[in-house]
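K.L.:
I have a structure I would like to understand better, so I am pasting it below and will then ask my questions one at a time.
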Amino acid sequence: MFFFSLYNSFAFGVLFIFFAAFPYVFQRPPYSFSISQTGLTFLSIGIGVLLGVVTCILVDRYMYQAQHRKVIAAGGTHVAPEHRLYSAMIGSGGIVVGLFWFGWCAHTGQHWALCLVGAIPFAWGNICLFVSWTRCLVTGCELLTWCFLRRLRRCCISSTCMALSTVRRP
């Protein structure tokens, strides 16, 4: 789990670097986009995320649920958490392909649409990886899940209190 978490954190770090790289790449020559045009380039990441969510739903419905039915029919109680990683196996190739595609097109000054299409497989693979990691963690490590949920609840309550305390009163 540790190495999978490390890989997942690296993939999300690269995703956040994309958020800084898009303005850097598209506001300079040869593209010279305006700020509003550069903002529209992030739609390619949104498209990749939507495709990743659809992929995860389909993989869960057709691959994981089939495994689950097979285990229940054999008299088992639950499926091993590793079966939640099918989406990650499918999507991790998209991360590499998307990074190479975007980097190559941006470096050689190809048409801007080619660069943006290259970001779609990256975002697709990234969300497939994250959803699989989350499902595997929730399925396999109940104690860690409860600790995480308690921590998340505390963070939400404290951030809400901070937000409400900074509201200006007339």
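The values are calculated or read from the model by the stated rules, or taken from the named source; none is laboratory data. All figures in this text were calculated on a predicted structure; none of them were measured in a lab. Quick reminder, even Gly has a Cβ in these numbers, built from the backbone with ideal geometry, and neighbours come from all protein chains shown. What goes into the accessible areas is simple: the full protein's heavy atoms, side chains included, and nothing from ligands, DNA or RNA. Shrake-Rupley method; radii C 1.70, N 1.55, O 1.52, S 1.80 Å.
K.L.:
Quick one: SER36 ticks every box in (1) more than 21 Å from TYR86 (Cβ to Cβ); (2) in contact (Cβ under 8 Å) with a residue 12 or more places away in the chain except a single one, so which number is it?
P.N.:
(2)
K.L.:
Same structure again: Identify the residue in segment 1-34 that is over 30 Å from THR139 (Cα atoms), open to solvent by less than 40 Å² (accessible area, probe 1.4 Å) and among the aliphatic types (A, V, I, L, M) and, among all such residues, is farthest from the chain's Cα centre (by Cα).
P.N.:
Checking each candidate, the answer is VAL25.
K.L.:
Still on this structure, I have one more. Give the number of residues within segment 49-75 that are free of Cβ contacts under 8 Å to residues at least 24 places away in the same chain and open to solvent by 30 Å² or more (accessible area, probe 1.4 Å).
P.N.:
Qualifying residue count, segment 49-75: 18.
Each row is one residue, and each column tells you yes or no for (1) assigned to a helix (DSSP H, G or I); (2) of a type in the set (S, T, N, Q); (3) under 20 Å from the mean Cα position of the chain (by Cα); (4) modelled with pLDDT under 85.
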site	(1), (2), (3), (4)
PHE100	yes, no, yes, no
LEU144	yes, no, no, yes
ARG150	yes, no, no, yes
ARG153	yes, no, no, yes
CYS156	yes, no, no, yes
CYS161	yes, no, no, yes
ARG168	no, no, no, yes
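K.L.:
Which of the residues spanning segment 35-82 are in a loop (DSSP other than H, G, I, E, B), more than 23 Å from PHE12 (Cβ to Cβ) and within 27 Å of the chain's Cα centre (by Cα)?
P.N.:
Residues satisfying the conditions are HIS78, VAL79, ALA80.
K.L.:
Next question. Quick one: would you say ILE95 is part of a helix (DSSP H, G or I), open to solvent by 60 Å² or more (accessible area, probe 1.4 Å) and under 29 Å from ALA20 (Cβ atoms)?
P.N.:
no
This table checks each residue for (1) of a type in the set (S, T, N, Q); (2) touching a Ser or Thr at 6+ places or on another chain (Cβ under 9 Å).
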position: ALA11; (1), (2): no, yes
position: LEU15; (1), (2): no, no
position: ALA20; (1), (2): no, no
position: PRO29; (1), (2): no, no
position: PHE42; (1), (2): no, no
position: LEU50; (1), (2): no, no
position: LYS70; (1), (2): no, no
position: GLY76; (1), (2): no, no
position: SER87; (1), (2): yes, yes
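K.L.:
Looking at ILE120, is it over 10 Å from the mean Cα position of the chain (by Cα), open to solvent by 70 Å² or more (accessible area, probe 1.4 Å) and aliphatic (A, V, I, L, M)?
P.N.:
Against the criterion (over 10 Å from the mean Cα position of the chain (by Cα), open to solvent by 70 Å² or more (accessible area, probe 1.4 Å) and aliphatic (A, V, I, L, M)), ILE120 does not qualify.
K.L.:
Quick check on segment 76-92: of everything there that is surrounded by 15 or more Cβ atoms within 10 Å (Cβ to Cβ) and of a type in the set (Val, Ile, Thr), which residue is modelled with the highest pLDDT?
P.N.:
ILE90
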